[in-house]
Amino acid sequence: MAIITLTTDFGLKDHFVGVLKGSIYSELPDAKIVDISHDIAPFNIQECAYILKNSYHSFPKGSIHIVGIDSEATEENQHIAVLIDGHYFIGANTGVIGLITSEIKPEKIFEIKIPDPFHGSFPVLSVFVQVACHIARGGTLEVVGKPFSELKELKEFIPRIVDDGKKIIGSVIYIDNYGNVVTNIQKHLFEAYKKGRDFELLVRNHKIKIIHKAYTDIVDYSVEKSRRKGDGDLLALFNSSNYIELAIFRSNLKTVGGAATLLGLDYRDTIIIDFL
């Protein structure tokens, strides 16, 4: 039985997540359901895209990923089912799935057109669960809809290159549980334009000249403890998803705060890299 994952902005206070799981188990008693996240900020498409893009590939091929965010169907927000990289994605045409297809060519894209669907305020249950269970039973995408080619893209995930490649203008796309700030500048893009040059990463009134590989790289253990950088200091690194991330070493949001609060950064705020 294929794994079915759930990524939503439903939270856990209400009954919605339980209803989804109960409906899947009613259809498929042997189903394997995994929660990726239910704490996406309401209607935050970019946050959902970042989390899903960096988690789906950890699951085996054939896994089915239900995306429950901004899911009511309209003429501009169609319900779609897509086969990408051996994985099935079921959701609305918000740009979340388009982020993955921007790097990997999809194998199949279908607009969902199931017979006599119940048109209500909970399409994740009335439509997406039906399609997921159909696929889990061995069904094909051809049965649930018609070919589709108008996937939306998330422009916010694309940094701008200016000054003949001397400057990258990026932005904040995600703030994690530690208050760490994830930018939309990926390692491969940074390396492609760096070309051995020095650089300055400019954020608010700070300049950063080193991008680390790990959080602890900020600590120089050859320096006397009282003089070395450590707890509470700002650093930049390539995170586990190879995006440039800004962090406060050993931050604690309940005490000293994180990079987002201490730097005054929020979603879509600008990050600049100057190559010298």
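Just so you know, all these numbers are worked out from the coordinates, no wet-lab data involved. Please read all numbers here as calculations on a predicted model, not as lab measurements. Using ideal geometry, Cβ is built from the backbone for each residue, glycine included, and neighbour counts are taken over all protein chains shown.
At full extension, Lys229 and Arg204 could sit 7.0 nm farther apart than now, given 0.36 nm per residue minus the alpha carbon distance. On the beta carbon distance between Lys254 and Ala41, with R0 = 22 Å, the FRET formula returns roughly 0.65.
Candidate values [x] 0.94; [y] 1.03; [z] 1.00 were compared with Rg/Rh (Cα atoms, Kirkwood Rh) computed on the shown model; the agreeing label is [y]. Taking the charge dipole of the chain about its Cα centre, with +1 at Lys and Arg Cβ atoms and -1 at Asp and Glu Cβ atoms, the residue from Val131, Ala247, Asn77 reaching farthest to the positive side is Ala247. Applying 0.36 nm per residue to the separation of Lys13 and His57 and subtracting their alpha-carbon distance, the gain on full extension is 13.0 nm. Across Leu201, Leu234, Leu12, mean-square fluctuation computed from a Gaussian network of the chain (C-alpha pairs under 10 Å connected) peaks at Leu12.
Summing charges over all other residues whose Cβ lies under 14 Å from the Cβ of Glu47, with Lys and Arg as +1 and Asp and Glu as -1, gives -4.
Over 19 Å apart at the Cα level, from the set Lys108/Lys187; Lys21/Lys146; Lys21/Lys152; Lys61/Lys187; Lys53/Lys105; Lys166/Lys207, are Lys108/Lys187; Lys21/Lys146; Lys21/Lys152; Lys61/Lys187.
Over the range 159-275, the hull volume per residue, using the convex hull of the C-alpha atoms, is 106 Å³.
With contacts taken as Cα pairs under 8 Å at a separation of at least 6 residues, the chain carries a relative contact order of 15 percent. Between Glu72 and Phe122, residue separation times 0.36 nm minus the direct Cα-Cα distance comes to 17.3 nm.
Each stretch of four or more DSSP H residues adds -39500 (n - 2.57); spread over every residue of the chain, this sum gives -5000 deg cm²/dmol at 222 nm. Remark: spin-label model distance Asp266-Arg160 equals 2.1 nm, labels positioned 7 Å along the Cα→Cβ axis.
In a GNM of the chain with a 10 Å cut-off on Cα contacts, which of Lys229, Lys209, Lys254 has the highest mean-square fluctuation? Judging by the Gaussian network model, the answer is Lys254. Sequence-ordered 3J(HN,Hα) estimates for the range 81-86 from the Karplus curve with 6.51, -1.76 and 1.60 and θ = phi - 60° stand at 10, 10, 9, 9, 6, x Hz, glycine and proline given as x. Scalar couplings 3J(HN,Hα) for the range 171-186, obtained by applying the Karplus form with A = 6.51, B = -1.76, C = 1.60 to θ = phi - 60°, are 8, 6, 10, 7, 10, 8, 5, 8, x, 5, 9, 9, 9, 8, 9, 8 Hz; x denotes Gly and Pro.
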